[in-house]
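First up is the structure itself, then whatever we jot down about it.
The values are calculated or read from the model by the stated rules, or taken from the named source; none is laboratory data. Just so it is clear, the structure is predicted and the values come from calculations on it, not from any experiment. Reconstructed Cβ throughout: ideal geometry from the backbone, glycine too, with neighbour counts over all protein chains shown. These accessible areas exclude ligands, DNA and RNA; they are computed on the full protein's heavy atoms, side chains included. Shrake-Rupley method; radii C 1.70, N 1.55, O 1.52, S 1.80 Å.
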Amino acid sequence: MSELVIEASKLSRNFGDLKAIQELDLEVEKGRIYGFLGPNGCGKTTAIRLLTGLLKPSAGEVQVLGFNLPRDAEKLRLHIGYMTQRFSLYDDLTVKENLQFVARIYGLVGRQQNSRIDELLNTNGLIPQKDQMTGSMSGGQRQRLGLSAATLHKPELLFLDEPTSAVDPENRREFWEQLFDLSDQGTSILVSTHYMDEAERCHKLAILEEGIKRADGSPEELMQDMGAHVVEIGSTNLRQLKQELLKLSDVISAAQLGARLRVLINNSIADPLAFLTQQKSISAEANISVVRPSLEDVFVTCTGEGRQ
Amino acid sequence: MNALLRIYAIFSKELTQLKRDRMTFGMVVMIPLIQLMLFGYAINTNVRHIPVGVVDQSKTGLSRVLIQTISATQVVKFTEHYINVQQAETAIASAEVRAVLVIPKDVSQRLVRHQSVGLGSPPSSDEETSRPVAQWVVDGSDTTIAAAIKSLRNMPLAELLSKPVNRTTPTFEVTLLYNPEQRTAVNIVPGLVAIILTMTMIMFTSAAIVRERERGNLEMLITTPVRSIELMLGKIIPYMFIGALQVVIILGLGNLVFNVPVNGGLWQLAGSTSLFITASLTLGLVISTIAKNQLQSTQMTIFVLLPSILLSGFVFPYEGMPEAAQYIAETLPATHFVRLIRGVVLRDVEMIDMAFDVYWLAIFTLAGLAVASLRFKKNLD
Ligand SMILES: Nc1ncnc2c1ncn2[C@@H]1O[C@H](COP(=O)(O)OP(=O)(O)OP(=O)(O)O)[C@@H](O)[C@H]1O
Ligand SMILES: [Mg+2]
């Protein structure tokens, strides 16, 4: 087994009565992209803050890059980069000034500093904006600046908290290309997201809900090991059909996708097709087929979100 | 080495932000300018031209000459005539005049027997000399005005009768050092340096950390290797230059406009002001680590500013305050600096001669810096 950059066991954090993170076990391998997938308020940011030493755990153990947290948080800071969920560079400085500031903080001066900043501006496509005031930049440009600042000192481990929430799909793809480049160069990355397509790009991911890890593994493993069949029904009167099916205890969820209904059925049913054709609510002409599960199906099965 | 670089990083970042913040930059220059003009002209303990009235019951040539002689002192200005004392008191109540001179019918009798005139022999009996020439009825609520009119009590009257002055030898001779003309500005302008620095220095830095938090920069800042003390130093250094600029404005203009001398040595001046500037800046930083938002930091700044104006000896003499107030005053950096700067600017003393105040400011600064650095936690708990 390869080297671990993050090792957490039974990590918990409470805010008063609220259990924001509960008994989180985590293993992140070096050089991989690890994803936190979960809805708003599930504790992604809190988990990242625990792993960067910004918050003290209420219980549990964390080792990041071999440093024990929270004791060695200060030593860890030289080796990690963190791109916060809310843009945290200075709005009243230009792009270049912001990068210069960060460079000086990490002890980069003179020609070294200039060449590193030029390199970052180049790879992140920020050369036209280099003298623009940061406050006036678009969401995508800010996010690229955020990444530049977080990677300026070439950290071994990079934390990205919902880096693409204000970014269009095109830019999102380019952003991920860059993450893969960084990953190829040996940087380990932990990224949080609530986009399925993004989660699917991760080497490994953990699905979080209400501070609890519901599942983890590579996207393929998760889809394979999902405890449910996925069936699509093409028929009329789908809204009524959905209500009828949701009454059955073995139906985990039903969601309409245009002219089809995507239904998740518990694995305890051996033959989902036979199970469905028995249902009176489904007309004879209905077109029923078993399909390949998607990550969204995994997410719905894990979090039990489907039963509205 | 890296620590210095990190301090420089914070310093240059603050400077760039400050340069872009037109409003703050304007205040740096405008606050000392405007306050100097306001305080320099408005605060004046040499009261002149107080509007007063007169009830002239004698209506003689002598009473008219008496009124003219009093007017010549410029302390009061006779604006109204009243028939009787009741009418005069109503006028005082309605603030038409601040005082009324009541000249009795027998004013000439009284004057002739008055000791400052010294006419008549055998010498006047006690009974006769103890009768004053006329009476002042004063709105005594404002002590400064009352004192100004009281100062007229012993004005010489001999010239009224074109007689040689028969001055009695004063019990004490008074030599007024440093401000022989008794101009208020001489005392106010150096004190104003303390007040304006207290105001601007604390105001600027008290927002320093809070602003980072409010704008969301703090989470990034604390994940970097910047240490608390480096952050604190980087944040106050730019303002030390600003403080120095303000001192130059106040003392320079004070010299040009109000003719306030700067008698002390330049190094003494630079030393004592930079001590006070850093003390105020660190106090601001401490506030900044306590306040949750910029409104709170502003409130706390005012909380420090008001006693600094009232208790530091800037307007009211320290010696005249009750003991409890003196204890409070001693805790304020402004009190120590008012003493120092008046000493240096007016009396040309060396800092060594005022060691207590110097040490006090130095210890205050170090303690403030330590408290701010310790209070500033590099986490979000
Ligand atoms: N400082 C805090 N004090 C009290 N409660 C907090 C604090 N920080 C977070 N929480 C709570 O902890 C829970 C998890 O919050 P967190 O910010 O980690 O969610 P998230 O997964 O990052 O959500 P989002 O996708 O909206 O960013 C939320 O219910 C939130 O209200
Ligand atoms: Mg979050």
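Data overview
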| item | result |
| --- | --- |
| Any hit, region A:182-192, residues being free of Cβ contacts under 8 Å to residues at least 12 places away in the same chain, open to solvent by 10 Å² or more (accessible area, probe 1.4 Å), of a type outside the set (Ser, Thr, Tyr) and closer than 30 Å to A:Pro293 by Cβ | yes |
| Filtered residues of region B:1-27 (kept if farther than 24 Å from B:Gln246 by Cβ, at the interface with chain A (Cβ under 7 Å from one of its Cβ atoms) and of a type outside the set (Gly, Ala, Ser)) | B:Asn2, B:Leu5, B:Arg6 |
| Qualifying residue in region B:21-44 (condition: within 29 Å of the chain's Cα centre (by Cα) and part of a loop (DSSP other than H, G, I, E, B)) | yes |
| Residue, farthest from the chain's Cα centre (by Cα), within region A:10-41, restricted to residues that are within 14 Å of ligand 2 (Cβ to nearest atom) and open to solvent by less than 60 Å² (accessible area, probe 1.4 Å) | A:Arg13 |
| Those residues of region A:42-85 which are more than 10 Å from chain B (Cβ to nearest Cβ), closer than 17 Å to A:Phe15 by Cα and more than 16 Å from ligand 2 (Cβ to nearest atom), in sequence order | A:Pro57, A:Ser58, A:Ala59, A:Gly60 |
| Unique residue being out of contact with any Lys or Arg (no Cβ under 7 Å at 6 or more places or on another chain) and modelled with pLDDT of 90 or more when the list is B:Ile250, B:Ile222 | B:Ile250 |
| Pairs with Cβ under 7 Å, 6+ apart, first in region A:75-86 and farther than 13 Å from B:Met220 by Cα and outside the structural domain of A:Gly107 (by TED's automatic domain parsing), second within 16 Å of ligand 1 (Cβ to nearest atom) and open to solvent by less than 60 Å² (accessible area, probe 1.4 Å) | none |
| Qualifying positions in region A:159-170 - away from ligand 1 (no atom under 13 Å from the Cβ) and open to solvent by less than 40 Å² (accessible area, probe 1.4 Å) | A:Val167 |
| Qualifying positions in region A:30-45 - in contact with a Lys or Arg (Cβ under 6 Å, 6 or more places away or on another chain) and within 15 Å of ligand 1 (Cβ to nearest atom) | A:Phe36, A:Gly38 |
| Cβ-Cβ under 9 Å pairs, at least 6 apart or on other chains, region A:160-174 side closer than 9 Å to A:Tyr195 by Cβ, far side open to solvent by less than 20 Å² (accessible area, probe 1.4 Å) and away from ligand 1 (no atom under 16 Å from the Cβ) | A:Thr164/A:Gly140; A:Thr164/A:Phe175; A:Thr164/A:Trp176; A:Arg172/A:Gly140 |
| Top-ranked residue in region A:194-208 [being open to solvent by 30 Å² or more (accessible area, probe 1.4 Å) and not in a helix (DSSP H, G or I); ranked as farthest from ligand 2 (Cβ to nearest atom)] | A:His203 |
| Any pair with Cβ under 9 angstrom, 6 or more apart, that starts in region B:337-362 at a residue that is closer than 13 Å to B:Ser312 by Cβ and ends at one that is open to solvent by less than 20 Å² (accessible area, probe 1.4 Å) and of a type in the set (D, E, K, R) | B:Phe337/B:Asp357; B:Arg339/B:Asp357; B:Leu340/B:Asp357 |
| Sole exception among (1) modelled with pLDDT under 90; (2) at negative phi for B:Gly118, by number | (2) |
| Where A:Ser218 falls short, out of the listed (1) within 26 Å of A:His194 (Cβ to Cβ); (2) at pLDDT below 85 | (2) |
| Residue within region A:194-206 that is touching a Phe, Trp or Tyr at 6+ places or on another chain (Cβ under 9 Å) and hydroxyl-bearing (Ser, Thr, Tyr) present | no |
| Options B:Thr73, B:Thr90, B:Thr45; residue that is touching a residue at least 60 places away in the same chain (Cβ under 8 Å), open to solvent by 70 Å² or more (accessible area, probe 1.4 Å) and polar (S, T, N, Q) | B:Thr45 |
| Of the criteria (1) at pLDDT 85 or above; (2) surrounded by fewer than 16 Cβ atoms within 10 Å (Cβ to Cβ); (3) over 30 Å from A:Gln178 (Cβ atoms), which one A:Gly211 fails | (2) |
| Whichever residue in region A:46-60 is of a type in the set (Ser, Thr, Tyr) and buried (at least 18 other Cβ atoms within 10 Å of the Cβ) and, among such residues, is farthest from ligand 1 (Cβ to nearest atom) | A:Thr52 |
| Wholly within region A:216-308, strands (runs of 3 or more DSSP E) carrying at least 1 residues that are surrounded by fewer than 16 Cβ atoms within 10 Å (Cβ to Cβ) | A:228-234, A:251-257, A:287-290 |
| Region B:201-222, residues that are closer than 23 Å to B:Ile31 by Cβ and part of a helix (DSSP H, G or I) | B:Met201, B:Ile202, B:Met203, B:Phe204, B:Thr205, B:Ser206, B:Ala208, B:Ile209, B:Val210, B:Arg211 |
| Selection from region A:108-123 of residues that are surrounded by 14 or more Cβ atoms within 10 Å (Cβ to Cβ), within 14 Å of another protein chain (Cβ to nearest Cβ) and not in a loop (DSSP other than H, G, I, E, B) | A:Gln113, A:Ile117 |
| Total residues in region A:61-87, condition open to solvent by 30 Å² or more (accessible area, probe 1.4 Å) and more than 16 Å from ligand 1 (Cβ to nearest atom) | 11 |
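The rows are residues; the columns are (1) more than 21 Å from B:Thr365 (Cβ to Cβ); (2) open to solvent by 70 Å² or more (accessible area, probe 1.4 Å); (3) touching a residue at least 24 places away in the same chain (Cβ under 8 Å).
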position	(1), (2), (3)
B:Ile290	no, yes, yes
B:Asn293	yes, no, yes
B:Thr301	no, no, yes
B:Leu305	no, no, yes
B:Ser308	no, no, yes
B:Ser312	no, no, yes
B:Val315	yes, no, yes
B:Glu319	yes, yes, no
B:Pro322	yes, yes, no
